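Colleague: Would you mind keeping the following structure in view while I ask a few things?
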Amino acid sequence: MLKLDGQKLDDGRWFTGSVERNKDPILNLLKRVLPHTGLILEIGSGTGQHVAHFAKALPELTWQPSDPDDEFRDSIRSWTKLDNRGNVRAPIDLEVCRFPWPVTRADAVLCVNMIHVAPWAATQALFSGAKCVLDWGGLLILYGPYLRFGRHTAASNEAFDAQLRATDPSWGLRNLEKVVEIADQAGFRLAEVVEMPANNFGVVLLSDTHT
């Protein structure tokens, strides 16, 4: 979806307007919940706009971007090179359904706008993989549009959902309560749900003691 909605710049960077619009609201959430130091694994980093922005604002953290698309990994390198961000590692090829993940440990895992543009199996794999890399109390932070209690939260989300399912029947907005249920089964406890601009939600989950 990012490539459908975005544009490729002359220097190889991909740019998407929606990422520019949501990067500060997401950053505000991250500033509040992330640890002061540690390694943050970003799943599906896409264009690289997010990780470049977050790494600049939170320089004490080390950022590990990832994406299964080699063109996006090139874009991530270009975005982080632009600011010469020394706290961003080279992007890695990580596909959530392919185990084991090429990362063995992180202090937090961030996943922005992936769940609705992937098959349901990818959501299940996300929780399984994140559980393997996070210690007890580690954070898994999700962001994106969701249904709440089986209903769309806005007409625009309903139209977006229809567009997604027309593109790929395995895509679509998920019921947040079902996502939290699957997370709980994988060993995560819901810490909070945060209403975000443009009918999106931030979801903060804690790696719990049970598996």
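Colleague: Can you confirm whether Leu9 is under 16 Å from the mean Cα position of the chain (by Cα) and of a type outside the set (D, E, K, R)?
Modeller: Details: under 16 Å from the mean Cα position of the chain (by Cα): no; of a type outside the set (D, E, K, R): yes.
So Leu9 fails the test.
Colleague: Tally the residues that are surrounded by fewer than 19 Cβ atoms within 10 Å (Cβ to Cβ) and either of a type in the set (Val, Ile, Thr) or not in a strand (DSSP E or B) (or both), restricting the search to segment 126-145. Explain how you work it out, then say what you get.
Modeller: First, pick out the residues of segment 126-145 that are surrounded by fewer than 19 Cβ atoms within 10 Å (Cβ to Cβ): 128, 131-132, 135-137.
If we keep only those that are either of a type in the set (Val, Ile, Thr) or not in a strand (DSSP E or B) (or both) as well, we get 128, 131-132.
So the answer is 3.
Colleague: Among the residues of segment 152-181, what is the count of those that are in contact with a helix residue (DSSP H, G or I) (Cβ under 9 Å, 6 or more places away or on another chain) and crowded, with 17+ Cβ neighbours inside 10 Å?
Modeller: So the count comes out to 11.
Colleague: Another question about this same structure. Restricting to segment 8-48, name every residue that is outside any loop (DSSP other than H, G, I, E, B), out of contact with any Phe, Trp or Tyr (no Cβ under 8 Å at 6 or more places or on another chain) and surrounded by 20 or more Cβ atoms within 10 Å (Cβ to Cβ).
Modeller: Of everything in segment 8-48, those that are outside any loop (DSSP other than H, G, I, E, B), out of contact with any Phe, Trp or Tyr (no Cβ under 8 Å at 6 or more places or on another chain) and surrounded by 20 or more Cβ atoms within 10 Å (Cβ to Cβ) turn out to be Val19, Leu41, Ile43.
Colleague: Which of the numbered conditions does Pro59 fail, given that it passes all the others? Conditions: (1) outside any helix (DSSP H, G or I); (2) within 20 Å of Ala191 (Cα to Cα); (3) not basic (Lys, Arg).
Modeller: Failing condition for Pro59: (2).
Colleague: Now a separate question. Test each condition in (1) part of a strand (DSSP E or B); (2) over 18 Å from Trp120 (Cα atoms) for Thr153 and report the one that comes out false.
Modeller: So the condition that Thr153 fails would be (1).
Colleague: What pairs can you find where one residue is in segment 47-61 and free of Cβ contacts under 8 Å to residues at least 40 places away in the same chain and more than 9 Å from Leu27 (Cβ to Cβ), the other is among the basic types (Lys, Arg) and assigned to a loop (DSSP other than H, G, I, E, B), and their Cβ atoms are less than 6 Å apart, with a gap of 6+ or different chains?
Modeller: Every condition considered, the pairs that remain are Ala55/Arg85.
Colleague: In the list Val109, Val96, which residue meets the criterion of being in a loop (DSSP other than H, G, I, E, B), crowded, with 23+ Cβ neighbours inside 10 Å and among the aliphatic types (A, V, I, L, M)? Break it down into steps so the answer makes sense when it comes.
Modeller: Values: Val109 fails: in a loop (DSSP other than H, G, I, E, B).
Of Val109, Val96, the one residue that is in a loop (DSSP other than H, G, I, E, B), crowded, with 23+ Cβ neighbours inside 10 Å and among the aliphatic types (A, V, I, L, M) is Val96.
Colleague: With respect to Leu2, determine if the residue is at pLDDT 95 or above and surrounded by 14 or more Cβ atoms within 10 Å (Cβ to Cβ). Can you show your working first?
Modeller: Working: at pLDDT 95 or above: no; surrounded by 14 or more Cβ atoms within 10 Å (Cβ to Cβ): yes.
No; evaluated as a whole, the condition is false for this residue.
Colleague: When you go through (1) out of contact with any Pro (no Cβ under 9 Å at 6 or more places or on another chain); (2) buried (at least 23 other Cβ atoms within 10 Å of the Cβ); (3) assigned to a loop (DSSP other than H, G, I, E, B) one by one for Phe54, which number turns out not to apply?
Modeller: Here Phe54 clears every test but (3).
Colleague: Go through segment 62-92 and report how many residues are within 16 Å of the chain's Cα centre (by Cα), assigned to a helix (DSSP H, G or I) and without any contact (Cβ under 8 Å) to a residue 60 or more places away in the chain.
Modeller: Total meeting the criteria: 2.
Colleague: Would you mind finding the one in Glu177, Glu181 that is of a type outside the set (S, T, N, Q), out of contact with any Phe, Trp or Tyr (no Cβ under 8 Å at 6 or more places or on another chain), assigned to a helix (DSSP H, G or I) and more than 22 Å from Trp101 (Cβ to Cβ)?
Modeller: Glu181
The values are calculated or read from the model by the stated rules, or taken from the named source; none is laboratory data. Quick caveat, the model's predicted, so the values are computed rather than measured. Quick reminder, even Gly has a Cβ in these numbers, built from the backbone with ideal geometry, and neighbours come from all protein chains shown.
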